[in-house]
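A short write-up of the structure that comes next.
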Amino acid sequence: MKLASLKNNKKDGVLVVVSRDLTRCIEVPSYPTLQQALENWTTAEPVLKNDYEALNQKQIEGKPFNPSKAHSPLPRSYQWLDGSAYVNHVELVRKARGAEMPASFWTDPLMYQGGSDAFIGPRDPILAADESYGIDFESEVAVITDDVPMGISADKAGSHIKLLMLVNDVSLRGLIPGELSKGFGFIHGKPATSFSPVAVTPDEVEWTDFKVPLPLYTYINGKEFGRPNAGVDMTFNFAQLIAHAAKTRVLSAGTIVGSGTVSNKDKSAGSSCLAEKRMLEVIESGAAVTPFLKFGDQVKIEMLDAKGQSIFGAIDQAVKKYP
């Protein structure tokens, strides 16, 4: 099943069921927003699924689905938690600056809580005040949960995953070191995040051990930048990330948990962020040569199924100066 939120005059948009080929959609009056559906998933899922099947079988005509009119599936969320499941990526970050990585990073996930009150639409611009901030993308996968009890085990946490999305976790690399040196986390270095046009149920993807073993494609200005496999070298799967997040708190329905930058040890498939490519350049030659994003650059993030069909629709954003 595929779901989206179309923009309207309300902050949470209007929920639509989208056809598998991403061409048609239909509103569901009984569940006007995705948040309402998630909070009532046991009763909402059969209703939404029935419309999804009817739409795919052309029993319902629906209307054209236009990704440029879509907001992020959840335009805002009660909680956005981003992990760093690809520890290889973390190791590279530290190696580039000559720092040893604690052994605990391989057994205890890194995670931060990002701003979730106003996400960016998948075709809306990435706004920044200054190029000197070091504008970067981070291509990721994320899940959306229903209500998750505190202290849940990883064995049980996977059952709370209801939807998956792609992510562009925008980062301002020039601002992050100063913030981290304070020892209190990100604020300025992590502006608004964007997600794919549609969120999908796990049965729409190759879902193995709570991972998505498919390449995640990133393009800059139309040129492929990377296509690492999201199911490879993922040290912590989504069930483990959820259990980590819920260790001392409940997670409310609509909580989003991200994988962190998708990264493979085999670098022949490229990277999912500029910072990683720059780290590799530092390690190999002593200096980073790949620039961060400039105003006017275009970033596209997409995942395809075995037939080459887009699963989530594409995040496709221009970088623009904030006026």
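Below are the figures for this structure:
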| read-out | value |
| --- | --- |
| Residue 232 under 22 Å from residue 88 (Cβ atoms) and either surrounded by fewer than 19 Cβ atoms within 10 Å (Cβ to Cβ) or at pLDDT below 95 (or both) | yes |
| Residue list for region 150-182, restricted to those being at pLDDT 95 or above and part of a helix (DSSP H, G or I) | 154, 155, 156, 157, 158, 159, 160 |
| Any pair with Cβ under 6 angstrom, 6 or more apart, that starts in region 263-281 at a residue that is under 14 Å from residue 85 (Cβ atoms) and ends at one that is small (Gly, Ala, Ser) and surrounded by 17 or more Cβ atoms within 10 Å (Cβ to Cβ) | 272/139; 272/226 |
| Residues of region 260-300 classified as of a type outside the set (A, V, I, L, M, F, W, C) and over 19 Å from the mean Cα position of the chain (by Cα), total | 15 |
| Residues of region 129-149 satisfying the condition of being surrounded by fewer than 21 Cβ atoms within 10 Å (Cβ to Cβ), outside any loop (DSSP other than H, G, I, E, B) and of a type outside the set (Asp, Glu) | 132, 133 |
| Residue ID - most open to solvent (accessible area, probe 1.4 Å), chosen from residues in region 157-185 that are free of Cβ contacts under 8 Å to residues at least 12 places away in the same chain and of a type in the set (D, E, K, R) | 182 |
| Pick from region 282-295, criterion under 12 Å from residue 136 (Cβ atoms) and in contact (Cβ under 8 Å) with a residue 40 or more places away in the chain, ranking: surrounded by the fewest Cβ atoms within 10 Å (Cβ to Cβ) | 294 |
| Sole exception among (1) within 24 Å of residue 113 (Cβ to Cβ); (2) at pLDDT 95 or above for residue 294, by number | (1) |
| Residue among 68, 30 that is out of contact with any Phe, Trp or Tyr (no Cβ under 9 Å at 6 or more places or on another chain), at pLDDT 95 or above and more than 28 Å from residue 160 (Cβ to Cβ) | 68 |
| Count of residues meeting criterion [open to solvent by 60 Å² or more (accessible area, probe 1.4 Å) and either under 27 Å from residue 150 (Cα atoms) or in a loop (DSSP other than H, G, I, E, B) (or both)] in region 199-229 | 9 |
| Which numbered condition residue 218 fails, given (1) β-branched (Val, Ile, Thr); (2) in contact with a strand residue (DSSP E or B) (Cβ under 6 Å, 6 or more places away or on another chain); (3) without any contact (Cβ under 8 Å) to a residue 60 or more places away in the chain | (3) |
| Test: residue in region 92-112 that is assigned to a loop (DSSP other than H, G, I, E, B) and within 13 Å of residue 193 (Cα to Cα) | no |
| Output for region 240-278, where each listed residue is under 20 Å from residue 216 (Cα atoms), part of a helix (DSSP H, G or I) and open to solvent by less than 20 Å² (accessible area, probe 1.4 Å) | 241, 269, 274, 275, 276 |
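For (1) touching a residue at least 60 places away in the same chain (Cβ under 8 Å); (2) surrounded by 17 or more Cβ atoms within 10 Å (Cβ to Cβ), each residue gets a yes or a no:
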residue: 74; (1), (2): yes, yes
residue: 78; (1), (2): yes, no
residue: 87; (1), (2): yes, yes
residue: 92; (1), (2): yes, yes
residue: 102; (1), (2): no, no
residue: 106; (1), (2): yes, no
residue: 111; (1), (2): yes, yes
residue: 114; (1), (2): yes, yes
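Per-residue answers, yes or no, for (1) buried (at least 19 other Cβ atoms within 10 Å of the Cβ); (2) under 21 Å from residue 205 (Cβ atoms); (3) modelled with pLDDT under 95:
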site	(1), (2), (3)
9	no, no, yes
12	no, no, no
22	yes, yes, no
25	yes, yes, no
37	yes, yes, no
48	yes, yes, no
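The values are calculated or read from the model by the stated rules, or taken from the named source; none is laboratory data. These figures come from a predicted structure and were not determined experimentally. Heads up, the Cβs are rebuilt from the backbone with ideal geometry, glycines too, and the neighbour counts pull from every protein chain shown. Just so you know, the surface numbers come from the protein's heavy atoms only, side chains and all, with ligands and any DNA or RNA stripped out. Shrake-Rupley method; radii C 1.70, N 1.55, O 1.52, S 1.80 Å.
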